[in-house]
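Scroll down for the structure; my scribbles are underneath it.
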Amino acid sequence: MAEFAAQYVSQAMSRIERYSGERPLFELHGIEEEIDRALARRVNLKFGGYLIIDQTEAMTTIDVNTGGFVGTRNFDETIFKTNLEATHVIARQLRLRNLGGIIIVDFIDMDSDEHKQAVLNELAKALARDRTRVTLNGFTSLGLVEITRKRTRESLAHVLCEPCPTCQGRGEIKTAQTVCYEIQREIVREARQFETRGFRILASPPVIDMFLDEESQSLAMLVDFIGKPISLQVETAYSQEQFDIVLL
Ligand SMILES: [Zn+2]
């Protein structure tokens, strides 16, 4: 590293030192934790508020929220303070996550124009520290703040993560009940189509549990309807949406 730095980034030379400790450096300096935080959807603010950061194909949205109950007495003041604090956390998260393109911030609604302007000024100040080119536009007619940040490298999430194979990146999966109904419709279709003595359902534990409990009656009705037995088999390795219907 010293050789590399000497050749390409001489200003970093003085900052490189050999570490001979036992504990991994990432652990020692809490880097592992910091990475987890920079990938999380929710970022907590100091006084109970929090941000929800969603990265989609087209843009990133950041929703600012007050945490829990806000007293009516200092309602406006609490909201103002939460929005102000959020400006600095947002600027830092944009850098940490290396988010580029269009960023839409939904601050908590403020009535006072003075407060709105102060929040915008604070955000501009926080963004000024960014070495990447950032443009800040004021509140849109819908009360959102639009930021554009030059795309440089890939975002942290794109470098370190891949779409979830269970939900294909949707962030949601069908409920066990939905899957139960899907299976029953499939069996009705197959019962018409194929000559068979019976069926066996292979599905995840939550789906099989549902067939044994809440949906046991509808399963019994289905057995009556097709006039053939249906057996159940738990497949612990199946995801909730995954199932197979075996002809017996
Ligand atoms: Zn998922």
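The values are calculated or read from the model by the stated rules, or taken from the named source; none is laboratory data. Bear in mind the structure is a predicted one, so any value in this text is a computation, not a measurement. Note: ideal-geometry Cβ built from the backbone for every residue, glycine included; neighbour counts use all protein chains shown. The area values use the complete protein model at the heavy-atom level, side chains included, leaving out ligands, DNA and RNA. Shrake-Rupley method; radii C 1.70, N 1.55, O 1.52, S 1.80 Å.
Some notes on this structure:
- If the condition is being in contact with a strand residue (DSSP E or B) (Cβ under 8 Å, 6 or more places away or on another chain) and farther than 20 Å from E114 by Cβ, then segment 130-146 contributes D130, T132, R133, V134, T135, E146.
- Taking the listed residues E17, E27, the one that is farther than 27 Å from R151 by Cα, open to solvent by 90 Å² or more (accessible area, probe 1.4 Å) and over 25 Å from the mean Cα position of the chain (by Cα) is E17, with no other qualifying.
- L202 vs. criteria in contact with a helix residue (DSSP H, G or I) (Cβ under 6 Å, 6 or more places away or on another chain) and either among the hydrophobic types (A, V, I, L, M, F, W, C) or free of Cβ contacts under 8 Å to residues at least 12 places away in the same chain (or both): no
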